[in-house]
Amino acid sequence: MDTSANNDKKHKRRKFKTKKQKKLERVNRTDDRDTNPRKNYSEIIKKNENFEDYYRNQKIIESDEEFAEFLKVLAEPLPTTFRISSFCQGQAQRMRDIIQSDYIKDFQSGNTELIDGKKLDISPIPWYPNKLAWTINLTKTEIRKSRTINLLHKFLICETETGDISRQEAVSMIPPLLLDIKPGQAVLDMCAAPGSKTAQIIEMLHQESGSTFISGDCKQNDVKYLDGLVVANDVDNRRCYMLAHQSKRLSSSCVVITNHDAANLPNFYKNDPVKGKTVLKFDRVLADVLCSGDGTFRKNYDVWTKWSAGNANNLHNIQIKIAKRGLELLAKDGIMAYSTCSLNPVENEAIVAALLNMAEGDLELVDASSFLPELKCYPGIDNWIVMDKDNHIVASPKEVPEKYLPQIRKTHFPPSNAAELNLKYCMRIMPHYQNTGGFFIALIRKKTDILCWEKESEGSSEKKNDEQQTNTNDDDNNNNNNNNKKSNLDKKNKYTGFREEPFYFLDENDEDWIALKSYFKFPVEFTANQLAHRCVQGKRRNIYYMTEKAADFIRMNKDMKIISGGVRVFNRTDVNHVCPYRITQEGIPSIFPYFIANLESFLPNNDEKSFTIVEVELDFFIELLKRQDIKVEQLDQPTQTMLSEIPSGCFIMYVRIRQDWNSEKSPKFILPMCVWRGKSLLRAYVAKNDRSHLLRLCGYEPISAETTIVKGENKRSLDIDDDDDGCDNQKEFKNDDDDNIGMEKTNGNNQNHSCVEKRTKLDCHDDDDDGDNNGCNNKL
Ligand SMILES: C[S@@+](CC[C@H](N)C(=O)[O-])C[C@H]1O[C@@H](n2cnc3c(N)ncnc32)[C@H](O)[C@@H]1O
């Protein structure tokens, strides 16, 4: 072998070894942190002289007493907060009532036990609308340990898994609320993982179509079909799968998850009915950027030791780039929220001021102070000081020490016109105000179609068709790398951690579509081009549904790295049946509005082998949920007769539930479930936690159903859903779902049977096999 080839090989081996070593080191570091995350908690000294010095100098808090209070609260652990999902207002109201009446009534009425010397306090977050977000004055660990709120804990875990509760830090709930997202809008979430704000955005887009479930008596014209789009993006491929988990939990057809560097997002396209292919601009953009995270001291205790003024200085440039690109992708009159979980003006007001000045009047700050009247916050500041990594004040751009020149730029400093920029409209959430983390938000409105800097670099937006995968922490000048280098990078990055199959859309002639259309009797509004699969060869297992906007986005932006999109609505059945697919429970919220105006045409009819929808008595609905499987022969005669008219295969069974359980006159909402009718068996095709959720809404408390949940996999999901600022505490995530990620897997119908305990209101027959009236089927 020639020596140069030998050297080459050696070199490669050496390179590989170094990489391997580096990886090992990284894994060891991560392992240490992950397996022992709390080992040093009590030892951590929650004090950092540089931090104190830095913020004293900023004079954001003027009085010494208040500053002392600020430091005191920062050193206290963060309360636990959660949010009730508001897809369907009826369900949200029921959930809130269940929490109040079944889980916290005792604590609220003064029977509060002391936990580790603390008086238990569970209360609604005052500024969150409709009491749909709550705070518990205990940490996650205290909640886990506490026997007093054991039931509430299990409830939270179960409902988090079903997507009906989201554990989310209070301050993190603010940006989507201020963005005031309306159904039908297109929203870009630039740095979205792990996705707590994305979840809120999704819920806001769903609100109208969710209301369809409320009356259940609507006419065709009243039906609100869901449209709207959330592009949830993150640069970190692994964290994109956290996002995928989040969106699967929420069963939403309007989400597309992309894996790109937000600072260099390419232009997106849409198919305009008149103009054809046009650039897609978003109605709302959320730039919840990476940051130094000193607002998270109360939960990320390692930030105390790692804090340095240099961290924020280093992030300033990438934060500007991401926000700038976000504004370019925003539509005229659209609003972008720029937010960080940092209190540092260099990452906050300095960024906003730089953007406003760059835009030369094309942007304006929105005064959102009245949007959430109960929310207490500081106004943004228009004067701040810059310090270098060694905590030395740098008085002006001219005085930046040479070694910090690449790090500290002119935009780090307050501009001379700072007082004219209305920076007071920015919102600083201070931890000691309402017992939260620290946070910063600015709402920026775009007044023109194209921003002045885009006009200057003529055609620059068009040039961004191809993503520029440059090192985003680099100096601006580095963006002008030579083309060869860039195209190599493009190729390399294109495949790093990205192995997803593209989506293939159905069309009118597709044989699966023909079968689906004839079996499910879809109205004209339901079209083939919103259905897609990801199967290159062989039989498709899953078919996904997307809103028009989401489907259009995927079709028109084929070069994007798309991790997942839409919701799985049909799953291939292995039985020989007139329609090869069954509807999925998670698909029902998307599909049901297409049936709702015409429910009577789906009534059981033995002559027609087509899809059936039946309203049933609450008792029967509950019984099936409790047992999951019921032998038809065990049912009473009228029910058997009704079932005999339903063809074998899947159908939807639904009940109408009062929003207010205690009021006969309360409006009702529809609660549908997917059921399989076999020859002799009836089966609820609903996963375990979803069954618990449905039972709760029906007035049953499935207590023992959750006793096993803290063990095993489901515990993981609670951790994932917990708010994560993404600053330094990335969590391990293994995607084992059969969602629309990657090559399709067979659908493991993972429905472990569980016992349910009858707790309230309903009179139910004891006709299950074990005869003990607890709905526990020992056979499974
Ligand atoms: C503060 S976290 C976002 C939290 C998220 N918005 C939420 O509410 O769950 C910041 C995220 O930005 C991502 N990120 C960092 N640099 C990025 C970049 N250049 N482009 C896109 N995402 C980036 C990180 O991976 C991290 O997930």
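Odds and ends about this structure:
- Any strands (runs of 3 or more DSSP E) falling wholly within region 599-679 and containing at least 1 residues that are on the phi > 0 side of the Ramachandran plot: 649-658
- Residues satisfying the stated conditions in region 342-378, i.e. assigned to a helix (DSSP H, G or I) and within 28 Å of the chain's Cα centre (by Cα): GLU349, ILE351, VAL352, LEU355
- Restricting attention to region 222-266, the residues being more than 16 Å from the ligand (Cβ to nearest atom), more than 15 Å from the chain's Cα centre (by Cα) and of a type outside the set (Gly, Ala, Ser) number 6.
- Boolean, PHE70 is outside any strand (DSSP E or B), at pLDDT 95 or above and closer than 30 Å to TYR378 by Cβ: yes
- Residue in region 148-159 that is within 16 Å of the ligand (Cβ to nearest atom) and of a type outside the set (A, V, I, L, M, F, W, C) present: no
- Verdict on THR411 being within 16 Å of the ligand (Cβ to nearest atom) and β-branched (Val, Ile, Thr): no
- Selected residue (criterion: modelled with the lowest pLDDT) from residues of region 585-622 that are among the charged types (D, E, K, R) and surrounded by fewer than 21 Cβ atoms within 10 Å (Cβ to Cβ): ASP607
- Candidates LYS321, LYS332, filtered to the one that is under 23 Å from ASP449 (Cα atoms), within 13 Å of the ligand (Cβ to nearest atom), open to solvent by 20 Å² or more (accessible area, probe 1.4 Å) and not in a loop (DSSP other than H, G, I, E, B): LYS321
- Looking across region 164-201, the residues that are more than 10 Å from the ligand (Cβ to nearest atom) and acidic (Asp, Glu) come down to ASP164, ASP180.
- Selection of first residues in region 402-426 that are open to solvent by 90 Å² or more (accessible area, probe 1.4 Å) and of second residues that are modelled with pLDDT of 95 or more and small (Gly, Ala, Ser), restricted to Cβ pairs under 7 Å at least 6 apart or on distinct chains, gives the following pairs, ordered by first then second residue: LYS424/GLY380.
- Within region 352-373, residues that are of a type in the set (Val, Ile, Thr) reach partners that are surrounded by fewer than 20 Cβ atoms within 10 Å (Cβ to Cβ) with beta carbons closer than 7 Å, at six or more positions or on different chains, in the pairs VAL366/TYR425; VAL366/ARG445.
- Boolean, ARG239 is basic (Lys, Arg), at pLDDT below 95 and open to solvent by less than 20 Å² (accessible area, probe 1.4 Å): no
- Residue list for region 292-311, restricted to those being open to solvent by 30 Å² or more (accessible area, probe 1.4 Å) and of a type outside the set (Ser, Thr, Tyr): LYS299, ASP302, LYS306, ASN311
- Any chance ASN314 is at pLDDT below 90, open to solvent by 10 Å² or more (accessible area, probe 1.4 Å), polar (S, T, N, Q) and not in a strand (DSSP E or B): no
- Test for ASP552: is it among the charged types (D, E, K, R), open to solvent by less than 20 Å² (accessible area, probe 1.4 Å) and either in a helix (DSSP H, G or I) or at pLDDT below 90 (or both): no
- Residue identified as over 18 Å from LEU229 (Cα atoms), open to solvent by 10 Å² or more (accessible area, probe 1.4 Å), touching a Gly at 6+ places or on another chain (Cβ under 8 Å) and of a type outside the set (S, T, N, Q) among ARG541, ARG582: ARG582
- Cβ-Cβ contacts under 7 Å between residues 6 or more apart (or on different chains), taken from a first residue in region 500-513 that is farther than 26 Å from ARG238 by Cα to a second residue that is small (Gly, Ala, Ser), are listed as PHE505/ALA532; PHE505/ALA551; LEU506/ALA528; LEU506/ALA532; ASP507/ALA528; GLU508/ALA528; ASP510/ALA528; TRP513/ALA528.
- Qualifying residue in region 339-351 (condition: surrounded by fewer than 22 Cβ atoms within 10 Å (Cβ to Cβ) and in contact (Cβ under 8 Å) with a residue 40 or more places away in the chain): no
- Tally, over region 198-231, of residues that are modelled with pLDDT of 80 or more and over 20 Å from ASP164 (Cα atoms): 4
- Identity of the residue in region 275-311, within 11 Å of the ligand (Cβ to nearest atom) and either out of contact with any strand residue (DSSP E or B) (no Cβ under 6 Å at 6 or more places or on another chain) or outside any strand (DSSP E or B) (or both), that ends up farthest from GLU364 (Cα to Cα): THR296
The values are calculated or read from the model by the stated rules, or taken from the named source; none is laboratory data. Since the model is a prediction, treat every value here as computed from it, not as a measurement. Reconstructed Cβ throughout: ideal geometry from the backbone, glycine too, with neighbour counts over all protein chains shown. Just so you know, the surface numbers come from the protein's heavy atoms only, side chains and all, with ligands and any DNA or RNA stripped out. Shrake-Rupley method; radii C 1.70, N 1.55, O 1.52, S 1.80 Å.
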